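The values are calculated or read from the model by the stated rules, or taken from the named source; none is laboratory data. Worth saying up front: this structure is predicted, and the values here are computed from it rather than measured. Because the Cβ atoms are built from the backbone with ideal geometry, glycine has one as well, and the counts that use them run over all protein chains shown.
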Amino acid sequence: MSIARGFLPPLLSGALFGGGLSIGGMTDPARVRGFLDLFGAWDPTLAFVMGGAVIVMALAWRLQAGMARPLFGERFVLPDRTDLDGKLITGSALFGIGWGIAGLCPGPAIASLALAPVGVLPFVAAMLVGMAAHRLIPERRALTAQGA
């Protein structure tokens, strides 16, 4: 596989995703918090961004159903009902709480690094620490269990 074929699709899709987040206002924490404030000064504009994403994803699922394999991969790796466990539910709850407090989630935070890096840097740093902890804690438990 050539380097261009390996890096170009993720680079282009990431740029498209980041551009969409920026244009849609998802990189503005105040707008996101306004959307989540259902009983206060609710801002419904992000519902249109999410609705647009749902429509695009519905079309992608229909397109994928007719494909034997992905354009840039060997096989499709899709979630199923067995992926739903306590860790996923706990992580989803923590994600939602953090999104509500900070008004950012990982995609918009990374996109915001290009627009306002100083304001989003603490969030990105905390996100990276959380990702590292997610990897290190299970590894440490496995090592402890082997040594016991």
Exercise for the section: Could you run through region 86-104 and say how many residues are farther than 30 Å from Gly6 by Cα and either in contact (Cβ under 8 Å) with a residue 12 or more places away in the chain or not in a helix (DSSP H, G or I) (or both)? Expected result: 4
Problem - Check on Leu88, at pLDDT 85 or above and either within 24 Å of Leu36 (Cα to Cα) or not small (Gly, Ala, Ser) (or both) - result: no
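With the structure loaded, tell me whether Met1 is assigned to a loop (DSSP other than H, G, I, E, B), surrounded by 11 or more Cβ atoms within 10 Å (Cβ to Cβ) and either of a type outside the set (S, T, N, Q) or modelled with pLDDT under 85 (or both) or whether it fails that test.
Against the criterion (assigned to a loop (DSSP other than H, G, I, E, B), surrounded by 11 or more Cβ atoms within 10 Å (Cβ to Cβ) and either of a type outside the set (S, T, N, Q) or modelled with pLDDT under 85 (or both)), Met1 does not qualify.
So, Ala126, is that one within 23 Å of Pro9 (Cβ to Cβ) and surrounded by 10 or more Cβ atoms within 10 Å (Cβ to Cβ) or not?
Values: within 23 Å of Pro9 (Cβ to Cβ): no; surrounded by 10 or more Cβ atoms within 10 Å (Cβ to Cβ): yes.
Criteria not met by Ala126.
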Fill in the blank from the handout: Pairs returned, first residue in region 114-139 that is closer than 18 Å to Leu94 by Cα, second residue that is surrounded by 11 or more Cβ atoms within 10 Å (Cβ to Cβ), beta-carbon separation under 7 angstrom, 6 or more apart or interchain, are Phe123/Ala102; Phe123/Leu104; Phe123/Ala109; Val124/Ala109; Val124/Leu113; Met127/Pro106; Met127/Ala109
Completion exercise
Checking Phe35, Phe48, Phe17 in turn, the sole residue that is in contact with a helix residue (DSSP H, G or I) (Cβ under 6 Å, 6 or more places away or on another chain), assigned to a helix (DSSP H, G or I) and within 22 Å of Pro108 (Cβ to Cβ) turns out to be Phe35
Practice task
Identify the residue in region 51-85 that is assigned to a helix (DSSP H, G or I) and small (Gly, Ala, Ser) and, among all such residues, is farthest from Met26 (Cα to Cα).
Solution key: Ala65
Fill in the blank from the handout: So, first residue surrounded by fewer than 16 Cβ atoms within 10 Å (Cβ to Cβ) in region 18-29, second residue not β-branched (Val, Ile, Thr), Cβ within less than 9 Å, six or more apart or across chains; the pairs are Gly19/Ala111
Exercise for the section: Restricting attention to region 20-32, report how many residues are outside any helix (DSSP H, G or I), on the phi < 0 side of the Ramachandran plot and not β-branched (Val, Ile, Thr). Expected result: 3
Exercise for the section: Hey, can you tell me all the residues within region 70-81 that are surrounded by 10 or more Cβ atoms within 10 Å (Cβ to Cβ) and farther than 15 Å from Gly6 by Cα? Expected result: Phe76
